[in-house]
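Input: a single structure, listed below in structure tokens.
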Amino acid sequence: MADSALKASIFQRLHPRAYLERFVAESVRPDGRPFDAWRDVSVNVGSISTANGSALVRLGETTIVCGVKAEIAEPELDAPDQGFLVPNIDLPALCSPKFKPGPPSDEAQVLSDRLNEVLSSYQHITSENGLTTCSRTASSPLQMLKTPVSFSFGVFDATLLADPTAFEEPLLDTTISVVVDENGDLVSVVQLGPGVDTGAADTLSTCISSAKTRRVVLGGQIP
Amino acid sequence: MSSSSYCLPGQPIPLPRNGPVPQLGGGIYVRDSELRASLVGIPQQEGPVLSISRVRPRPPAINSVVLGSVTRLSPLQATLSISVVDGVPLPAGEEFTGVIRSQDVRATEKDRVKIGDSFRGGDVVRGVVISLGDARSYFVTTARNDLGVVFAVSEAGKTMVPVSWQSMRCPETGRLEKRKCAKPE
Amino acid sequence: MTSISTSKAEISYIQSGLLSTPPLRADGRGLHDFRTISLETGVAPLANGSAHLNIGKNPHDGGGGTEVLAAAKLEVENVDLGGGEGVDGGRIVCTVSCSPSAYPHLSAPALDDLQHDMSTLLHQTLAHPSLHPPNLGILTGKKSWLLNLDCVVLADAGNTYDALFMAARAALWDCKVPRTRAVEYKAAAAPGAQAVESGEMDVDHDAEAQQSGFDTRSIARAVDFELPDYWDEGKVLGGRERWPVCVTLNVPPGSKGPLVHYLDAIPQEEAATPLRLLLVFSFPPASSPNLQAMRVLGSGELESDQIRDFVANGEKHAHKIWDALNGKLKEEDHRRGQKARDRFARR
Amino acid sequence: MALDRRRINGPEESFPPIFDSDALQWKVGDARKDRSPADIRPIFLQPGLISQANGSAYIETAKTKIACAVYGPRQSKNTAYSEMGRLNVEVKFTPFSCIRRRAPMRDAEDRSIAVAIHQALVSSVRLELLPKSTIDIFVTIIESDGLDGCVASGSVAASTALADAGIELLGLVTSCAASVVGKEIWLDPTEEEGRLSKGTLVLSCMPALKKVTSVWQTGEMKVAEALGCMDACQEKCTEIHSVVAQALLESAKI
């Protein structure tokens, strides 16, 4: 690394907040994106043969591999025709220096709960009722009526940042995440931290509208 | 003589024919009287030393210059969380623990040092590692003019300016606070 | 395995002793000599087969040495597609537990890891299908035996793996499988089902016993089994001569030319030689010996032809251990047979 | 499954669907399906995929996909002072990595593969240069087709990740598995082929120095068969070494 880049990274390591403030003052972010720009998303599906369904999604440098395993279980008494959808998010020590090996960290538990709320509140997944015989080759796809996608924002010193990176995330005063499905209906909105009145519209509504527009852009990529 | 091709760990490095056998820097080791690379990179020779240099975060070693923030103070020592070693920052979330014992704070009047007058929590301190210390922490000294507090925030919350080797002034309130300051470059 | 704190000077002294000619060891043994091994079988009356083994117990006060207790216990398991883990033909599970008193310097997680590593090696070797005994099944598709081989390391004075495998072999040699006899149920018209055999037996009426009254066919189906004779301990576990023995070749670092190796290391020697080659051999009577497991343990490098002659040497050492162990086991059988005869004679 | 407060639990008991077995109709003496005995599965190796890690590598051999990240050298937490560095290997199977769903809790197999990979790598890292520090190697098995294949590919990925992390190595470690099926020696067995074999052997070595760092043999083999497996693996390791070298050089140049 050139000497100046080394000095910059030392400044970033010692005073992250001041470092980000200097960038925000120039209305640009450390990775060169404008405030409302999104990192590009790449999706590829069905690459894992041992899972009944799988997908790999890359959002910038964040990579998530998701697998679905189908098992047979006794339905609940009060919902005989409803199956179970059990989502779990695992943040292993592999993916970032701040995670330690062992049982799921608080952050992993919070994310799993949020995902569970979105999926179960939706009840749009009908279980394959009536199908008793399973064949190794033929398998009917799980009917997914809606495909919700979540978008997250952060507020730092009264500026709204879309899609915050791992460096920006710990410095944010407020985090907002909006879940929108494919025809623009709101599924869930979570705001942690004080909302800030930035200009005309309230922060939340700006986030919701930009989430909707972004959902349309992503429409093509999600099968 | 820096051969342009990249070497891989375990790959033999041709001995430079002209001149004496070079000293070995980092990234190269000798096995059965043969030079072999232990890093991915291009062997460079500066003067007598042949090495493969990688600007990589590495653990503190004896005599490495470290930068860290003070995390705990006690009458006998100040605990330091080291985040920059030899000018290379450690990745976010990774730190080494260092300790500045009261006798290592300054060179003069070592026995009458008051830690409270030398460091405060949150100060960024530049020091030199004098020993690997014990299982928990490295021993760091600031007993040199260019070592000591490099950045401190006053009670009023403003970045302070060093006025002498043992005190800093807050630009807003003008009050002096006692610190063991490093001589600004 | 014990990483007791030995100083650098002591380590270099031991290493140079091993590499000098003639080799010099702390207790004056040759490179390929074992310490005295004492073995006793049938020490746990409640187990189906057990053995207590000690390597290197010093003769006068009887203390010290690596001490291992191994016991084989048989349990019945259901073999049905649903939950039962039983497998037709039975299965074996080996576990090793180390008593904290044997490893005072190890923390709890480190002790668990050590136990786990030993259990994995023992289980992967002894529970391999190639060594599976023929008579562990009871009723195909219904019931089968589960053989739990539990070993406890009571004291560790070095060379634990050899001791573990010798104790395991002795326990399995001593193991007796109770005789079983199938019991059929006549689906008679009478409400409750009786066993064909006379004599009252509290049988848990599982679902199959309740049959519709109209089904008058008398189907003889082996549903359960019984132990006909309480006193007879049963027949010997089949294929018991195939259980392997282990030999640990310790390789001291820094030896020039043909690599030196030595056996049965004491803890100080183990600390001085991190690199170890574990070889587990079984010697079937007819054919050439089988290699049941091989592991390189510890940090250090070997060349493939060095491994080649280590395996050759290891085979010879293992054969010596094998013969000595077999002799001792037969002696034990004779001794316990004699003891049993004395007990009856005196009454 | 034990109720785990920290995860979202489904119903207590759930069973994987059991298909009627159409096991590979393979008889002793048949030739190997879709591969010759001495062939290994094509290796796709990509160093530097995880930017947050100091060094990382992703390896894919047909149906085995493994991601590996190296963190450190870090401060050794709660361990005694040691002037030699420590190498800590942790392996994790993703719940969907095998035919039968794996509980996400730590289970026995994770540790035995971690021990095998640690043994393969420990003598190749210059730990004496990193006193009081620990190098963490995290291996996540995304899809598994045979445990021996996971040990072999895991070792190659871990060694590549170490080189990518700029940690001083005596040499790159490559590893290969072989199993004895009937009379033949099959290299790089899949799970199916592993079940058919009498014995399997995983050899790890440093081709640059022609040194063997680990041999991990299970099952029953004649001595001659075992030595044959070792030679076949060592020869194949040199080929794998060139794949690793090329991958590392490409990623070092950009």
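Each of C:R181, C:R276, B:R17 was scored by other Cβ atoms within 10 Å of its Cβ. Arranged with the fewest first, they read B:R17, C:R181, C:R276. With a Förster radius of 51 Å applied to the C-beta separation of A:L6 and A:V217, the computed FRET efficiency comes to 0.85. Normalised size of the stretch B:1-94, defined as Cα radius of gyration per 2.2 N^0.38 Å with N residues, equals 1.46.
For D:S36 and C:R308, a Förster radius of 22 Å and the Cβ-Cβ distance give a FRET efficiency of 0.25, rounded to the nearest 0.05. Close amide H partners of C:L154, meaning residues 5 or more places away or on another chain with modelled amide H under 5 Å apart, are C:E67, C:V68, C:L69.
Loop-located trypsin sites (Lys or Arg not before Pro) in the stretch D:127-210 (DSSP state not H, G, I, E or B) with no more than 16 neighbouring Cβ atoms inside 10 Å: D:K183, D:K210. Inter-chain Cβ neighbour count for D:62-74, averaged per residue, equals 4 (cutoff 10 Å, partner chain atoms only).
Solvent-free Debye calculation, one equal scatterer per alpha-carbon of the stretch D:141-232: log10 I(q)/I(0) at 0.10, 0.23, 0.26 Å⁻¹ equals -0.27, -1.10, -1.27.
Taking all C-alpha pairs of the stretch D:80-179, those more than 21 Å from each other amount to 35 percent. Here the label points at D:R126 and B:L15, each 7 Å from Cα along the C-beta direction, are separated by 1.9 nm in the simple model. Put a dot 7 Å past the Cα of A:D157, heading toward its Cβ, do the same for B:R112, and the two dots end up 4.4 nm apart.
Residue by residue along D:243-251, Cβ atoms of other protein chains within 10 Å of the local Cβ number 2 on average. Here, P(r) means the percent of Cα pairs in each 5 Å bin from 0 to the largest distance; for the stretch B:1-54 it is 5, 23, 37, 26, 9, 0. Of the Cα atoms belonging to the stretch A:19-129, the radius of gyration and Dmax stand at 18.9, 60 Å. The largest-to-smallest principal axis extents of the Cα set in the stretch D:43-253 are 49, 40, 37 Å. Of the residues B:V66, B:V125, C:V93, the one with the fewest other Cβ atoms within 10 Å heads the list, and the complete ranking is C:V93, B:V66, B:V125. Applying a 4.7 Å Cβ-Cβ cutoff to chain D leaves D:C68, D:C98, D:C150, D:C205, D:C229, D:C237 as cysteine residues with no disulfide-compatible partner.
Computed from the Cβ-Cβ distance with R0 of 45 Å, the FRET efficiency linking A:S47 to B:S5 stands at 0.80. Taking every residue in C:278-291 and counting other chain Cβ atoms within 10 Å of its Cβ, the average works out to 3.
Sparse packing (at most 15 other Cβ atoms within 10 Å of the Cβ) combined with a DSSP loop state is found for the following GluC sites (Glu not before Pro) in the stretch C:270-347: C:E303.
How many percent of DSSP beta bridges within the stretch B:65-178 run antiparallel, rounded to 5? Bridges in the stretch B:65-178 that DSSP calls antiparallel: roughly 95 percent.
Taking the convex hull of the alpha carbon positions in the protein assembly as shown and averaging its projected area over all directions gives 54.1 nm². What the pair-distance distribution of the stretch B:65-178 shows, using all Cα-Cα distances binned every 5 Å from zero, is 2, 13, 23, 25, 19, 12, 5, 1, 0 percent. The sum of -39500 (n - 2.57) across all DSSP H runs of n ≥ 4, divided by the residue count of chain D, sets its helix-only mean residue ellipticity at 222 nm to -9500 deg cm²/dmol. Across the stretch C:12-119, the convex hull enclosing all Cα atoms gives 198 Å³ per residue.
Laboratory data are not the source of any read-out in this text; all were calculated from the coordinates shown. Model, not experiment: these values are computed from the prediction. Because the Cβ atoms are built from the backbone with ideal geometry, glycine has one as well, and the counts that use them run over all protein chains shown.
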